[in-house]
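Below: one structure, written as structure tokens.
The values are calculated or read from the model by the stated rules, or taken from the named source; none is laboratory data. It should be emphasised that the depicted structure is a prediction, and the values quoted were computed from it without experimental measurement. So basically every Cβ, Gly included, is an ideal-geometry build from the backbone, and we count neighbours across all protein chains shown.
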Amino acid sequence: MSKQVPHPNVPAVNITDVTFVYPGSEQPVLNGASLTIGRGSFTAIIGGNGCGKSTLCKLFNGLIPHYYSGDFTGTVEICGLSAEKHTVSELSRMVGYVYQDFDNQLVRPTVLDEAVFAPLNYGLAEYQEMGSRALELCGLTHLKDRYIWELSGGQKHLLALAGALSLEPDILVVDEPVSQLDPQHARQVYDVLRQLNRVHGKTIIVIEHHTEFIADYCEEVCLMEQGTVRWQRPVAEALNSLEDLERLGIQPPEVTKAAVQLAVMLNRSDMAADRPLGAQPMPTGSESGSRAAGFAESPIKQPYPITAEAAEIYFRDLLTRQDGHSQMNRKPPAPGANDDA
């Protein structure tokens, strides 16, 4: 079976008005969901628990409707091809998928065996080269002869990613990349995903809860709520949609929360122009919590920063301007106040 080559102007994913109900359920897990993801993008899909994120992504490789039964309506196109009219086997040449329980994807004894498993199953003559190339992309070549049980959690996650990459798909879907990893290995996985996106042109789609990683690596964000895509926005705008994030229990990056708290302090109506900034008390729980933790009440210099690098510039500039404002409003000394007695 030859691999389909998508037209460069065709979206990686195009979903229109999809509704899906699992057997035995009365409520649809997807309810008129529509989404378009361009080729070469790095997209995060976020939302509260049970909103349909994982179910949405199972449309991409045809698991819905071909593997999971249920009531399905709508259209799904992957790289211009109808997912409903192509098998999971055919779609897996275009879409690689790393599941949240990635350990269960590893089925062979050694690292190289695992990397070549998918192309070998397809009967591809170049399966050894394809597996070796995938290990190289994930930085695992030096571990090719190791047994799976010898690997760390981060290395296993990268190996699952290499297994998905071995068929050279255009799209990679990774379900919660950092949920079972320590911060160092989480960064390592995301660095590989960034390299695959920027250097090799892969379309990367992650289901993610950790907004710090979204801020540092992703380009756009899709918010899901009650089985539908509420909005799709550039990452800075998305992570500044603070009321939506708060309503769904999604924490914005720590630097964003710090900027909000500072803005609340500077906007308090009782703040004297000549009072030192350090003397301002932090907002109380009633002040910051009653209005979405202060997210909705602070107009100072939005959008707020979402990364540490942006925050450094933001806070330096804001505090410099605040200091200048205080200097301008400081009363001059009374005449003769400094004269010798």
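List of remarks:
- Pairing each residue of segment 47-73 that is of a type in the set (Gly, Ala, Ser) with any residue that is assigned to a helix (DSSP H, G or I) and buried (at least 16 other Cβ atoms within 10 Å of the Cβ), provided the two are 6+ apart or on different chains, yields C-beta distances under 7 Å for Gly47/Lys53; Gly62/Leu91.
- Filtered by the rule that a residue be outside any strand (DSSP E or B), of a type outside the set (Gly, Ala, Ser) and either at pLDDT 95 or above or crowded, with 18+ Cβ neighbours inside 10 Å (or both), segment 227-243 gives Val235, Glu237, Leu239, Asn240, Leu242.
- Only one of the numbered conditions (1) modelled with pLDDT under 95; (2) closer than 22 Å to Glu219 by Cβ; (3) surrounded by 14 or more Cβ atoms within 10 Å (Cβ to Cβ) is violated by Asn14, and that is (1).
- From the list Val199, Val174, the one residue that fits, being without any contact (Cβ under 8 Å) to a residue 40 or more places away in the chain and in the same structural domain as Cys57 (by TED's automatic domain parsing), is Val199.
- Evaluating Arg108 against the criteria (1) of a type outside the set (Phe, Trp, Tyr); (2) touching a helix residue (DSSP H, G or I) at 6+ places or on another chain (Cβ under 7 Å); (3) under 27 Å from Gly40 (Cβ atoms) leaves one unmet condition, (3).
- Being assigned by TED's automatic domain parsing to the domain that holds Lys202, at positive phi, more than 25 Å from the chain's Cα centre (by Cα) and touching a residue at least 40 places away in the same chain (Cβ under 8 Å) is a property that Gly123 lacks.
- Residue in segment 89-106 that is at pLDDT 95 or above, among the small types (Gly, Ala, Ser), closer than 20 Å to Val229 by Cβ and in a strand (DSSP E or B) present: no
- Residue within segment 178-196 that is at positive phi and assigned by TED's automatic domain parsing to the domain that holds Arg39 present: no
- Check on Leu35, within 15 Å of Thr228 (Cβ to Cβ), part of a loop (DSSP other than H, G, I, E, B) and touching a Leu at 6+ places or on another chain (Cβ under 9 Å): no
- If the condition is being basic (Lys, Arg), surrounded by fewer than 19 Cβ atoms within 10 Å (Cβ to Cβ) and not in a loop (DSSP other than H, G, I, E, B), then segment 126-180 contributes only Arg133.
Quick grid of which residues meet (1) at pLDDT below 95; (2) among the charged types (D, E, K, R); (3) not in a loop (DSSP other than H, G, I, E, B):
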{"site": "Pro6", "(1), (2), (3)": "yes, no, no"}
{"site": "Asn9", "(1), (2), (3)": "yes, no, no"}
{"site": "Phe20", "(1), (2), (3)": "no, no, yes"}
{"site": "Ser25", "(1), (2), (3)": "yes, no, no"}
{"site": "Asn49", "(1), (2), (3)": "yes, no, no"}
{"site": "Leu56", "(1), (2), (3)": "no, no, yes"}
{"site": "Leu59", "(1), (2), (3)": "no, no, no"}
{"site": "Val76", "(1), (2), (3)": "no, no, yes"}
{"site": "Glu84", "(1), (2), (3)": "yes, yes, no"}
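- If the condition is being more than 10 Å from Ala115 (Cβ to Cβ) and basic (Lys, Arg), then segment 130-164 contributes Arg146, Lys156.
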